[in-house]
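The values are calculated or read from the model by the stated rules, or taken from the named source; none is laboratory data. Because the structure is predicted, anything quoted here is derived from the model rather than measured. Positions of Cβ are backbone-derived with ideal geometry, glycine not excepted, and every protein chain shown enters the neighbour counts. Ligands, DNA and RNA are stripped out before the accessible areas are found, and what is left, the full protein with its side chains, is counted by its heavy atoms. Shrake-Rupley method; radii C 1.70, N 1.55, O 1.52, S 1.80 Å.
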Amino acid sequence: AVVVPLEDAAGRPVAARVTLARQSGEIGLLRTVQAVALAGGSAALLLGIAAAAFAARGAGRPWREVAAAAEAARSGDLAAAARHRVPAPLADFFTESAESRALAAVASAVGRERWAGSGRGLAERRPGSVLLVELPRYGRTGADADPREVTERLRGDLASVRRAVGAWGGRSEAALGHRALAAFDADRAVARAAGAAAEILHILSEPENAFDEPVPPALALASGELILGGAEGGARAVTGLPVQQAEGLLREASSGELVMSQAAYRELEGALVAIGLPVAPQRGLLTPQPVYLLDAERAARAAAALGTREPEHAGGLGALGSGTVLAERFVLAERLAEGRTSVVFAARDRETGGLVAVKALRRELLSDPDVLAAFDSDLRRVRQVVHPSVARVVELGVSDGVPFLASDLVDGPSLARVLDQGSGLPAPAALRLARGVAAGLAAIHASGLAHGDLRPETVLLDRRGHARLIDLGVAPLLPPPGIDPAVDRALGSPAYLAPERLAGGPPSAAADVYAAGALLAVAFSGKPPSGAASGEEGATAGPPHLPDPTGLPDGIAPVLARCLEPEPAARFADGGELAAALAPVRADLVSG
């Protein structure tokens, strides 16, 4: 018996897989040998000894094979162990373990590169600017103020700050009490920070109603070399001289003013002089450095002249950053990935204390802004899909206008990243991938759902050799392919979409099987799907390349061909049938 613990995303054991090798055949053989030996005892002594020795040699052969296989497995050579003549369940266990090890090796090789560049625990120096925002209204809160009203208003003001920062290409890094820190790097960092400052001044200086008396914020802007690095909980730490300067400058700013450091002003001086808005330096009262002041009106004029607001950050995603709280539950930490449709963060779940992955979608991609309101029943079914090959969905909703999906955090690269290395997977690794994808789809389809968005980007590989399907529940929120070319381009290549999906049909189990076939054809062959380049023009693509059967595991080519049948009825009906078809397929395992 072999017991393998199954752990959740936090590393806690939640179940175990027990593999039993049936030994009834060998036990029966031993009993036969014993009977023969007892019968031979009534014969002549020498003949009995000879007969017993002959029987013992025959009875020991299976056990010698098992012992040799066990020794090979103990030394780490699972491929050699699988080639011994051992009972079928034991051979299957050795084969499965060898396939898992092959896929784990692929994931680890790519994952090391991702983890090394993720910024987790690393620090780097980068030129940029910091914007420090103080909300003085909350420093003057009286003892009779309603705590709930104050907290709710502060949340709204900080959300406005995050949205403005994101719209100008910055990142909201931290919030402490009624202060917020944002960082801007890359091109024109100071100009973008100044634009965000002007927008924050304008928004937070407007009264919310006829009885409101707004207290405009005070802001400080400094530039120079920033030190960016990992911090506890996956958050990003920002420090360096600009942060210290901004803290000193903020003491010089009054409500409704933007104070800039000398280095920051020098980068903007040419543009400000060109519009007739030069700023004379002033001596600070609390800091020895010269300061440059802009009130709200002049800051707005400067921002209009700079004209660096970035439309691609619209949709609310740019406002998200470390420390942002979604749905009053998920505290965003490290940014893991960013694309044209979404941003993915590691986040802390306040309810469980564990880490999850939060994928925030651009709202304009939703097929219907109100679609989430009618998604409760499907969401319940999505949450009920619990399987080792599917990243469990924790929550799906909208927070501050941002649609998001929270699910298990899988520490490993996507299949897309693996395939970007320019070659397919080794046959054992590709088979392990195929079994994982099929098993995940089987669990999804058994719940009456369809994935609808299966492609290399939505399959993650962990370092233990498991394939995990992610983004379950996202597809029903998106418009059908072919309706909006901009959305099609954002989602990527349509080569993984079944013909009926390209024609605007809804997600289905049969369409998932087609996507699995296309994905596995690429994994086995290493060749990009045909029509991949056409993804730039909308949802039009031909069927993927079928890999050359030469060198493939026996029996895999017919399985892939059936998955890719144009007619849904000709394919496997669901993931369960696909998993059953893959069960007898074996790869030639390479020793070691």
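Can you name the residue in the stretch 129-154 that is without any contact (Cβ under 8 Å) to a residue 60 or more places away in the chain and within 31 Å of the chain's Cα centre (by Cα) and is also surrounded by the most Cβ atoms within 10 Å (Cβ to Cβ) among such residues? So the residue we want is Leu154. Say whether the condition of being closer than 29 Å to Val398 by Cβ, modelled with pLDDT under 90 and part of a helix (DSSP H, G or I) is met by at least one residue in the stretch 525-539. Checking the stretch 525-539: at least one residue is closer than 29 Å to Val398 by Cβ, modelled with pLDDT under 90 and part of a helix (DSSP H, G or I).
Among the residues of the stretch 419-435, those identified as open to solvent by 10 Å² or more (accessible area, probe 1.4 Å) and in contact (Cβ under 8 Å) with a residue 24 or more places away in the chain are Leu419, Gln421, Gly422, Ser423, Gly424, Leu425, Pro426, Ala427, Pro428, Arg432, Arg435. Return yes or no: is Ala246 modelled with pLDDT of 90 or more and open to solvent by less than 50 Å² (accessible area, probe 1.4 Å)? Yes; evaluated as a whole, the condition is true for this residue. Being part of a helix (DSSP H, G or I), modelled with pLDDT under 85 and open to solvent by 40 Å² or more (accessible area, probe 1.4 Å): is that true of Pro480 here? So Pro480 does not fit the description; no. Note on the stretch 257-292: residues that are among the basic types (Lys, Arg) and either part of a helix (DSSP H, G or I) or open to solvent by less than 70 Å² (accessible area, probe 1.4 Å) (or both) total 1. Each residue in the stretch 567-582 was checked for being out of contact with any His (no Cβ under 6 Å at 6 or more places or on another chain) and not in a helix (DSSP H, G or I), and 4 pass.
Any residue at all in the stretch 201-221 that's of a type in the set (Gly, Ala, Ser), under 20 Å from Glu297 (Cα atoms) and surrounded by 18 or more Cβ atoms within 10 Å (Cβ to Cβ)? Checked the stretch 201-221: at least one residue is of a type in the set (Gly, Ala, Ser), under 20 Å from Glu297 (Cα atoms) and surrounded by 18 or more Cβ atoms within 10 Å (Cβ to Cβ).
For the stretch 372-401, give me each residue that is of a type in the set (A, V, I, L, M) and at pLDDT 80 or above.
Within the stretch 372-401, Val382, Val385, Val386, Val390, Ala391, Val393, Val394, Leu396 qualify.
Which count do you get for residues in the stretch 112-143 that are more than 18 Å from Ala197 (Cα to Cα) and at pLDDT 75 or above? The qualifying residues number 5.
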